[in-house]
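Here's the structure we're looking at; comments come further down.
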Amino acid sequence: MDQTLIKQKEATGLICVTLDIHLWSGRKRLRKEALLAKNPEFKDLPPESLATLGSIKIADPDDLAPFMRDKREAEKVLQINGLPLLGTIGIPEAKLDRVYQKLVDVKASFDAKRLQLHRDFETRVQEWREKPENEDWAHLINDIPTPEYVAGRLAFGFHLCRVSAPSLEDASPINEHFGRQLTGLKGELFADAAREARVLMDRYLAGDDGTGVARTRDRITQKTLGPLRRVAEKLRSFSFLDPTVLPMAQVVDHCLALLPRDGPIDGVHLVHIWSLARTLANEKAAEEAAAIALQLASPSEAFEDLLSKVGATVGPAPTAASAPAQAALPTAAPPADIDLDALLPQGGSSQFVPQLAGTLF
């Protein structure tokens, strides 16, 4: 392992964030006896050893849905800013304050809803019983837990810890294993970029033409560039993972800088967006383009190289079914003879392991 390269690219650190969120389902087990009280015809139902009746909602789902929305909002915050790491989400230290504040805000929203539900719980359950569609089955909505029990089941928390090598011996097999896991984050990073690129292509660059057929659009708006901006931001945030990551972020930034600042995006600018999106959507092609970008003198040259490999045709890469009709449409993959490691300094990406240090909070 070349220690010089590691020192040149020393990471400021990764923070592992784990959500600890608990929700209450608002359901309880539905028993045969409860049905028989009003519906004797259910006496011939199969025994519980063979089948169960499922559950009954003893609380209005609309009262519980806001808690799920807060949970999803917290997950979105981590997804946008981090990458899966060691069973948690790894957040660049530079983004810690922003992510922490957003999670604190979501927690405050969650806790306020929990207190409100605790105050109104018995009233809300009674209103649920009295809904027209539930009146005939109100006898099933019984054995309701106390407001204190429900409030205790609802909880929003998160845990933070700093990433550090597990062994004090730099060259130990334990640290080598840890280093390989961190290096694998580069794959997660480009997989995340590929997902964003596919969102851009499927949702914005192509769409229903009104006849139920998906066709490529001849123009897009400024608002549709969100996926590319998120890709550039995340690549910059995780640039310490690999020497090729920042050059690829600069290529994305260069493409965005070529676009008009307002109004529709069409013509050659739309071709540029398609070319970049198709490259990013192919993880192998994106990693190879990033390696080439590291070797070239400027993001402009790297972007020109990317365009030369993808081609100048607007539209998605051909599938097996569409290939005959679109034979002239090139794919996003660069030539197969490109050796990614040969393009990298100091022996290739497999030799690049970020050095992370720190202690638990």
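General remarks:
- Test: residue in region 234-254 that is under 17 Å from the mean Cα position of the chain (by Cα) and among the basic types (Lys, Arg): yes
- Where a residue in region 17-37 is under 30 Å from ALA155 (Cβ atoms) and at pLDDT below 95 and its partner, wherever it lies, is open to solvent by 90 Å² or more (accessible area, probe 1.4 Å) and not in a helix (DSSP H, G or I), with Cβ under 7 Å and at least six apart: LYS28/ASP143
- Checking ALA59 against (1) open to solvent by 20 Å² or more (accessible area, probe 1.4 Å); (2) assigned to a loop (DSSP other than H, G, I, E, B); (3) in contact with a Gly (Cβ under 6 Å, 6 or more places away or on another chain), the condition it does not meet: (1)
- Qualifying residue in region 247-266 (condition: touching a Phe, Trp or Tyr at 6+ places or on another chain (Cβ under 6 Å), of a type outside the set (Gly, Ala, Ser) and over 30 Å from LEU14 (Cβ atoms)): no
- Exactly one residue out of LEU45, LEU83 is in contact with a helix residue (DSSP H, G or I) (Cβ under 9 Å, 6 or more places away or on another chain) and in contact (Cβ under 8 Å) with a residue 60 or more places away in the chain: that is LEU83.
- Yes/no for SER49 being open to solvent by less than 80 Å² (accessible area, probe 1.4 Å), at pLDDT 70 or above, in a loop (DSSP other than H, G, I, E, B) and among the polar types (S, T, N, Q): no
- Being touching a Leu at 6+ places or on another chain (Cβ under 8 Å), open to solvent by 50 Å² or more (accessible area, probe 1.4 Å) and within 18 Å of ARG229 (Cα to Cα) is a description that does not apply to LEU258.
- In the set VAL104, VAL125, VAL150, only one residue is surrounded by fewer than 12 Cβ atoms within 10 Å (Cβ to Cβ) and either at pLDDT 90 or above or charged (D, E, K, R) (or both); that residue is VAL104.
- Qualifying residue in region 198-214 (condition: exposed (fewer than 14 other Cβ atoms within 10 Å of the Cβ) and of a type in the set (Ser, Thr, Tyr)): yes
- One residue stands out among those in region 112-122 that are surrounded by 15 or more Cβ atoms within 10 Å (Cβ to Cβ) and not basic (Lys, Arg): the one that is nearest to ASP63 (Cα to Cα), which is LEU117.
The values are calculated or read from the model by the stated rules, or taken from the named source; none is laboratory data. Quantities reported herein were computed from a predicted structural model and do not represent experimental measurements. Glycine also receives a Cβ, built like all others from the backbone with ideal geometry; neighbour counts cover every protein chain displayed. Surface areas here come from the heavy atoms of the whole protein model, side chains and all, with no ligands, DNA or RNA. Shrake-Rupley method; radii C 1.70, N 1.55, O 1.52, S 1.80 Å.
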